[in-house]
1. Would you confirm whether any residue within region 153-162 is within 16 Å of the ligand (Cβ to nearest atom), under 28 Å from His30 (Cβ atoms) and surrounded by 22 or more Cβ atoms within 10 Å (Cβ to Cβ)?
2. Return yes or no: is Asn174 surrounded by fewer than 22 Cβ atoms within 10 Å (Cβ to Cβ), among the polar types (S, T, N, Q), within 18 Å of Thr211 (Cβ to Cβ) and away from the ligand (no atom under 16 Å from the Cβ)?
3. Tell me which residues, restricted to region 29-49, are part of a loop (DSSP other than H, G, I, E, B), touching a residue at least 24 places away in the same chain (Cβ under 8 Å) and within 21 Å of the chain's Cα centre (by Cα).
4. Taking the conditions exactly as written (farther than 18 Å from Asp95 by Cβ, more than 16 Å from the ligand (Cβ to nearest atom) and surrounded by 21 or more Cβ atoms within 10 Å (Cβ to Cβ)), does Val182 satisfy them or not?
5. Filter region 108-133 down to residues that are more than 13 Å from the ligand (Cβ to nearest atom) and of a type in the set (A, V, I, L, M, F, W, C) and give me whichever is least open to solvent (accessible area, probe 1.4 Å).
6. If you go through region 85-95 one residue at a time, do you hit one that is surrounded by fewer than 19 Cβ atoms within 10 Å (Cβ to Cβ) and away from the ligand (no atom under 16 Å from the Cβ)?
7. Please verify whether Glu103 is within 16 Å of the chain's Cα centre (by Cα), among the acidic types (Asp, Glu) and open to solvent by 40 Å² or more (accessible area, probe 1.4 Å), treating the condition exactly as stated.
8. Give the residue that is farthest from Glu123 (Cα to Cα), with candidates limited to residues of region 61-80 that are surrounded by 14 or more Cβ atoms within 10 Å (Cβ to Cβ) and of a type in the set (Asp, Glu).
Amino acid sequence: MKSSKLKRLTWLVAASLWSGAALAGHGDAHWSYEGKTGPDHWASLAAEFGTCGAGRNQSPVDLSRIVEAEQPPVTFHYDRTPLTVTNNGHSVQVDYAPGSYIEVGDHRFELKQFHFHSPSEHEVDGHPYPMEGHLVHADEDGNLAVIGVFYEEGRANAAIESVWNHMPAKAGQNEKAPDETVNAAALLPEDRSFYRYSGSLTTPPCSEGVTWMVMKQPVQVSHEEVAQFHGIMGVDNNRPVQPLNARLILE
Ligand SMILES: [Zn+2]
């Protein structure tokens, strides 16, 4: 690539990061977690965000209307991935190398990335947790399955600590740790039973058709670890719970 072209490209990337737009690859409209670009206004910020307001199967939800049901078994096949930590202005995210996946029945979903919210986005009987992790998977047709993990305050968590050690302070930055790896399996609770329901992305464009599996057993993190993440984000980066409407939560 010619250096003039490279310079132009570098400038474009820098400019889009600086403006806070297009960080999550969801169009150009700026959105946030408070004020005039906060969750109550997402639907009106851009035409492609309409589902945030009009959708009937939105996430997160309060996990309260629960029915027992036969569930396809979920098996986890996670390998370690090289550690690169991105602060995209909305969350702190680790992108995953190809080859790690879950099987839901005999359907395979590749692990793409994981990221965090504080406080939690999902609630259980009206109670939020201090933090929630989202492990985002996609099948070969682009259908999404997200594993949610609640974090409660207790012992320090080594896997979280290894990510936090490289957490960039500013939006639009990422930090590579060339000699370090992380395994998403270390973010999961020992007991892998979960609540399942059909929902959406919890960030614009709030697309529906997302299979949610939220782990019942919370994982412990220290008070300091929650505070460190919250301090970097500077705001509560959780979308409020959305109406269940006709949906049921399965367990
Ligand atoms: Zn999320």
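The values are calculated or read from the model by the stated rules, or taken from the named source; none is laboratory data. Not measured: the values here are computed from a predicted model. Here the Cβ is made from the backbone with ideal geometry for all residues, glycine too, and neighbour counts use every protein chain on show. With ligands, DNA and RNA removed, areas are computed over all heavy atoms of the protein, side chains included. Shrake-Rupley method; radii C 1.70, N 1.55, O 1.52, S 1.80 Å.
1. Of region 153-162, the ones within 16 Å of the ligand (Cβ to nearest atom) are 160.
Of the ones still in play, those that are also under 28 Å from His30 (Cβ atoms) are none.
No, that holds for no residue.
2. When the stated conditions are applied, Asn174 does not pass them.
3. If we filter region 29-49 for residues that are part of a loop (DSSP other than H, G, I, E, B), which is where we start, we get 29-34, 38, 46.
Okay, now just the ones that are also touching a residue at least 24 places away in the same chain (Cβ under 8 Å), so 29, 31-34, 46.
Of everything in region 29-49, those that are part of a loop (DSSP other than H, G, I, E, B), touching a residue at least 24 places away in the same chain (Cβ under 8 Å) and within 21 Å of the chain's Cα centre (by Cα) turn out to be Ala29, Trp31, Ser32, Tyr33, Glu34.
4. On the way: farther than 18 Å from Asp95 by Cβ: no; more than 16 Å from the ligand (Cβ to nearest atom): yes; surrounded by 21 or more Cβ atoms within 10 Å (Cβ to Cβ): yes.
No; evaluated as a whole, the condition is false for this residue.
5. Result: Leu111.
6. No: zero hits.
7. On the way: within 16 Å of the chain's Cα centre (by Cα): no; among the acidic types (Asp, Glu): yes; open to solvent by 40 Å² or more (accessible area, probe 1.4 Å): yes.
Against the criterion (within 16 Å of the chain's Cα centre (by Cα), among the acidic types (Asp, Glu) and open to solvent by 40 Å² or more (accessible area, probe 1.4 Å)), Glu103 does not qualify.
8. Here the residue is Asp79.
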